[in-house]
Amino acid sequence: MTSRFSPAAFSLAYCVAYALVFVLDAPIFLYYPLEGVFAWAWSPYASAGPAMAWYGLVVAAAAIALPAACLVPQRLIIARRGIFLWFTPLAVLAICAWRLRFFFA
Amino acid sequence: MIVTLLIVHGLVGVALLGALTHQCASFVRAGTRNSFAGRYAAVAPRGFVAAVVFLYVAEIATAALLYPSYRLDVRVPFEEMSLGWAVGLFELKEHAGGIALGMLPAYAFLWSRADDATLQRARSLVTILLAAVVWFDFLVGHVLNNIRGLG
């Protein structure tokens with residue numbers, strides 16, 4: 001039995017999912033470094049310190065990308081000379097920079 | 001322990017920069033074969049792929065271990081010093097690093113098809129994008145470390 005996992009589809013889905021999760025501020029979990037506690041994002045922990053979302057963002061994007069990588073055929077992703085493979089992460093980087101512009105205002 | 005990990009993180013970053021920069025230089029093939037630039041670019045780019053993937057994963061793993069210390073011991077003083085731009089630079093660095101982590105499967109896939117001429121542009125641009133992220137993250141990390149120091 002051959003694997004249907006498509007690395008190219010994973011990367012594409014991961015980038016799109018990362019952008020969505022970031023823009024919607026929807027990490028799957030948060031980490032509270034002061035107490036060293038993880039908590040689901042929908043039931044936040046009452047911490048005296050800050051919460052970290054990055055781990056939850058990466059895991060959420062990967063969790064969305066894994067099934068997509070098994071469902072979407074590789075040939076669709078590498079169509080048009082693989083333009084989606086470099087354009088999508090570039091666009092997602094631009095979206096992240098745009099969302100963070102208030103730090104530099 | 002954290003300082004040791006930070007130094008390891010920096011050293012892995014240097015190795016990763018070297019590998020990716022060599023790969024990118026091989027696309028340009030600048031200079032004559034006997035010049036420094038020519039010799040620097042005269043590498044077999046496919047040979048760097050496994051090293052880049054391994055080093056990138058190691059870099060992200062050390063970054064993930066260091067991140068809580070940054071959040072408590074570095075970001076809080078930055079905010080108290082009204083260094084919003086420094087906090088913003090780190091935010092950009094973390095998201096660029098996270099996005100590039102997801103690009104690794106495509107990067108490895110494209111190089112596994114190094115003989116496919118139709119994917120040449122995508123292969124080059126994904127590699128250049130990965131190198132740009134690593135360079136950006138390295139320089140931002142260097143600047144932030146200069147502001148905060150190791151103490």
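What angle, in degrees between 0 and 90 and rounded to the nearest 10, separates the Cα long axis of helix B:49-69 from the longest principal axis of the Cα atoms of chain B?
10 degrees
As an exercise, use a Förster radius of 45 Å and the Cβ-Cβ distance of A:TRP42 and A:ALA79 to find the FRET efficiency, rounded to the nearest 0.05.
Efficiency at R0 = 45 Å is approximately 0.75.
Which whole-angstrom value gives the distance between the alpha carbon centres of the range A:1-49 and the range B:69-92?
22 Å
Go through the range B:114-129 residue by residue and turn each phi into a ³J(HN,Hα) via Karplus (6.51, -1.76, 1.60, θ = phi - 60°); whole Hz please, and just put x for glycine and proline.
Ordered by residue, 3J(HN,Hα) equals 4, 8, 7, 5, 5, 9, 4, 5, 4, 4, 5, 5, 5, 5, 5, 5 Hz.
Loop-only check: which chymotrypsin sites (Phe, Trp or Tyr not before Pro) in the range A:40-105 are DSSP coil with at most 16 other Cβ within 10 angstrom?
Of the chymotrypsin sites (Phe, Trp or Tyr not before Pro), the ones in loops of the range A:40-105 whose Cβ has at most 16 other Cβ atoms within 10 Å are A:TRP42, A:TYR45.
Taking H placed 1.01 Å from N in the peptide plane, check which residues at least 5 places from A:VAL37 or on another chain put their amide H under 5 Å from its amide H.
The list, which skips near neighbours in sequence, is A:TYR32.
With θ set to phi - 60° and the Karplus curve 6.51 cos²θ - 1.76 cosθ + 1.60, what are the ³J(HN,Hα) couplings of the range B:10-27 in order, to the nearest whole Hz, using x for Gly and Pro?
Using θ = phi - 60°, the values come out as x, 5, 4, x, 5, 4, 5, 4, x, 5, 5, 5, 4, 4, 5, 4, 5, 6 Hz.
Counting other Cβ atoms within 10 Å, which chymotrypsin sites (Phe, Trp or Tyr not before Pro) in the range B:1-89 have at most 12 and lie in a DSSP loop?
none
What residue among B:ILE60, B:ILE128, B:ILE99 has the largest mean-square fluctuation in a Gaussian network model of chain B, using Cα springs under 10 Å?
The residue that fluctuates most here is B:ILE99.
Using only DSSP helix segments of four residues or longer, with each worth -39500 (n - 2.57), what per-residue ellipticity at 222 nm results for chain A after dividing by its residue count and rounding to 500?
Result for chain A: -18500 deg cm²/dmol, rounded to the nearest 500.
Hey, what number do you get for chain B at 222 nm if only DSSP H runs of n ≥ 4 count, each worth -39500 (n - 2.57), divided across all residues, to the nearest 500? Intermediate values should be presented prior to the final figure.
Details: 6 runs with 118 residues, N = 151.
Mean residue ellipticity, 222 nm, calculated: -27000 deg cm²/dmol.
Modelled label-to-label distance, B:ALA37 and B:ILE147, 7 Å Cα→beta-carbon offset: nm?
My value for the distance between the label points is 3.5 nm.
Taking loop as defined by DSSP and a crowding limit of 12 other beta carbons within 10 Å, which trypsin sites (Lys or Arg not before Pro) in the range B:70-115 fit? Working shown, then result.
Numbers: sites: B:ARG71, B:ARG75, B:LYS93, B:ARG113; in loops: B:ARG113.
Counting only loop positions with at most 12 other Cβ atoms within 10 Å, none of the trypsin sites (Lys or Arg not before Pro) in the range B:70-115 qualifies.
From the phi angles alone, apply the Karplus equation (6.51, -1.76, 1.60; θ = phi - 60°) to the range B:36-45 and give each ³J(HN,Hα) in whole Hz, x where the residue is Gly or Pro.
4, 4, x, 5, 5, 7, 7, 10, 8, x
Values quoted throughout were computed directly from the atomic coordinates according to the rules given, and no laboratory measurement underlies them. Here the structure is a predicted model, which means the values were calculated and not measured. Positions of Cβ are generated from backbone atoms using ideal geometry, with glycine treated the same way; all protein chains shown enter the neighbour counts.
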